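Laboratory data are not the source of any read-out in this text; all were calculated from the coordinates shown. Since the model is a prediction, treat every value here as computed from it, not as a measurement. With ideal geometry, Cβ positions are generated from the backbone for all residues, glycine too; neighbour counts draw on all protein chains shown.
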Amino acid sequence: MFKAKTRIRKAGLYFWMPVFLLAVSTPMLARGKTTANLSGKIKGNVLDYDKQKPLSHVSVSISGTSWAALTDALGSYELPEVPSGYYVLTFERDGYYTDTRTDVRVRPGRATFVNVEMVAVRLINEERRVTANYFPSEPEKQGSQMQFNAEELRRDAGSAGDVSRALYEVPGIVKADEEANDLIVRGGSPVENGFYVDNIFVPNINHFPQWGASGGNINMLNMHFIDSLNIATGGFDASYGNRLSSIVEIGYREGNREKLAGQINLGIIGGGGQVEGPFAQKKGSFMLSAYRSYLDLIAGFIDTGNPSDYYDVQGKIVYDFNEANRLSFLTINGHSETKEDPEFEKESGIKNYSWERFNTSTAGLTWRHIWGSQGFSDTSISYSFMKAKDDGWYVSNNETAYLFSYDNHWITFRNVNQLQWGTAHQFFFGAEAQHVSFQSLNFDDEEKIKLNGTFASVFGTYVVYPFENFFLSAGLRFDYFPLSERTHLAPRLSFSWVLTKRLSVNGSYGMFYQQMPLFLLRQHPDNINLKDMRARHLILGFRYLLFPDTQLILEAYDKQYDNFPMSAYAPYFFVIDDISGDDAMFSSWGSLLDIGKAYARGVELTLQKKLAKNLYGLVSLTYFRSKYRDLMGNWRNRTYDNRFIVALSGGYRPNKYWDFNLRWTLMGGRAFSPVDEEKSIQYGIPWYTYDDIMSGHLSPYKNLSFRVERRFYFNKSNLNIYIGAWNVLDFDNELERFWDLYSNQYASDYMWGGIPFLGFEFEF
């Protein structure tokens, strides 16, 4: 993976000159090329959220202008000859919550598609309705969930095109390491997160994926394909299982059904392009993209000594058989590798060099069927694989130092159905089955270790509005875990109560189960009998609408963990936290015990403002504690017991040409085990005492990042140029603290320093 952090930190300085030149040249390009009055159009379809049926007579208008239209019998609308720029769209219809969409971008000579699913008002007093609704109206998305549109993800100063890094502004999520994009959700481990794209399970969405977890170095999803993202940081519904902390639902948009269109992207570490268009008399559409890094080409220039390379190909095809049946095909494929230079490693005093490579792929079909006027179903079948190999050789004689490889395959069936009974009753139900096969080979193994089995589950959720302004959801999930050969019943319960026009209270309770990581099960034959990990979520929150585009959320949560793996070899440590950041594989823990307990408790305060005009932003304050019980019965800090997080992100869009965005993050350092300094100096080795294990915390993490984007509009095309930097103030953020045997004192390793980035996006 990306190693040698100090070398990469220094390498960032080489890029400040082109960034400066780009900033200087941008005004000149703006004066000479931009045409201000070019126009495009906005069009799309409006559906009933519950039934997925077209809605006619919906008023669609552009806020602050005279542009307006009504949807026809098929739920379609069109706003022609709209000047290029950014707009806010409002959708209104009697009996439905008003839906407001921000960041609607109109480009010259192109159609911008905005499809909306409107939520029907269910037994809600009309006087308590909020007309301008910038936030989700669905009651099931009111607690421990946050939604983002494509533009909100793309413009984030801390993401630089990485979907996972854009989510660090979500309350309760901490950063493990600048080098990795793990989601550490409410004190949990990266193994506890699940990802779905268009209802299809994706095991890992990253290049250089962690061996056995959900994180990686660089996200491989095409940001320009994403239409929406919803992250549930707790209390998710019964349709999701085998994960303990969070579920990320990503929706890819459809391709352009009007005409063939393309885009070329060029960034500081790679480039690529995409193409999309209609087919079959516009009954279908396609999107295809390819991206390749050129880190291997610039490795010598920036003197890293370990050139890395990655590329990905992904696409989506949609075809409408008729009004009631639609079929879509999704594929996401990536390759990544790092091959170290033995001469460079030798000069650096390193005894071995390695070649690490990964291949990942997911392909799946999803069939959407509309059941008359009562509901709909989504049925998906997919195949995924992840293959990795890490070879190491001694620099001195080129003999094998280590070897590890694994091959993981998933075949997944997923069916989710939604049925509407009148205005006050809903029923969600479905089933999942997933066959998993896994094999691995270690240099020390006599033969490959193989694990395989088929998960099965059924689930159902009943939603009722028992009285005015109150929503209640009761769900139950039944799971069969094949490796442990155990079955589980996981109840889920949530509610939302609208107290006033602006104030609501939300809560949820749930039991969640997850299989032990395969990389732990493989370590000893007895581990196959371990119990499946379990978590209980209890959440209570309040939501207050300060203004139509601004909301305040206060939420408290309590997570109780049981049946977690512990090792008699190291009875004081929590095994599941052994994998995170750039630590990509569990250590050898041998035969494990399933008696580990832990908890995470916290409170989050979030202020979010949508882009109604020029300003947008999100401020979150989090305080939490995350602890585990060791085999001696004592409670200790988990690795990511960071305790507090202060995150501020937002920006200013003065007009259709410029966008200024920044993100400031301050959070406590992660937990570590300090040494007894007096005895360590005396004996010349790190001296640990029992009471001090995981009792210390690294210094607080600080980061200020910014992003500036300039847009140029031409005849039937446009150009976006952006510049920015991570950690622009070059803070020294401590990654780990250790006792240095040579100097006989504490030393620290640090995360990346200031790293600038720049990019071009040309759409045609």
_Give me H224, H537 sorted ascending by neighbouring Cβ count inside 10 Å, so fewest comes first._
H224, H537
*Extent along principal axes [Cα atoms of region 601-723; Å; largest to smallest]*: 73, 34, 22
_Amide hydrogen neighbours beyond the local backbone of L499, cut-off 5 Å, H modeled_ = S504, V505
*Whole-Å semi-axes of region 197-277's equivalent ellipsoid, largest first, each the root of 5 times a Cα gyration tensor eigenvalue?*
28, 19, 9
*If you count the DSSP beta bridges with both ends in the chain, what percent of them are antiparallel, to the nearest 5?*
95
*On a 0 to 90° scale, report how tilted helix 16-33 is relative to the longest principal axis of the chain, with both axes built from alpha carbons and the result rounded to the nearest 10.*
10
*If each residue's Cβ is checked for other Cβ atoms within 10 Å, how do Y572, Y77 rank with the fewest at the top?*
Y572, Y77
*Using only alpha carbons, build the gyration tensor for the chain and give me the equivalent ellipsoid semi-axes, biggest first, whole Å.*
41, 32, 26
*For each of T366, T379, count neighbouring Cβ atoms within 10 Å of the residue's Cβ, then give the residues from fewest to most.*
T379, T366
*Return the sequence-ordered ³J(HN,Hα) values of region 592-608 in whole Hz as given by the Karplus equation 6.51 cos²θ - 1.76 cosθ + 1.60 applied to θ = phi - 60°, using x for Gly and Pro.*
10, 10, 9, 10, x, 10, 7, 8, 9, 9, x, 9, 10, 10, 10, 10, 10
*With each label point set 7 Å from Cα along the Cα-Cβ vector, what nm distance links L540 and Y746?*
3.9
*Please list, in chain and number order, the residues 5+ apart from E117 or on another chain whose amide H is under 5 Å from its amide H, with Hs placed from the backbone.*
L47
*Could you list which residues have their amide H under 5 Å from that of G753, counting only those 5 or more apart in sequence or on another chain, with H placed in the peptide plane?*
R9
*Cα-Cα pairs above 20 Å in region 85-222: how many percent?*
59
*Phi to ³J(HN,Hα) by Karplus 6.51 cos²θ - 1.76 cosθ + 1.60 over region 226-232, Hz, x for Gly, Pro*: 6, 9, 7, 9, 10, 10, 9
*Would you mind computing the Rg to Rh ratio of region 178-234 from its alpha-carbon coordinates, Kirkwood style for Rh?*
0.94
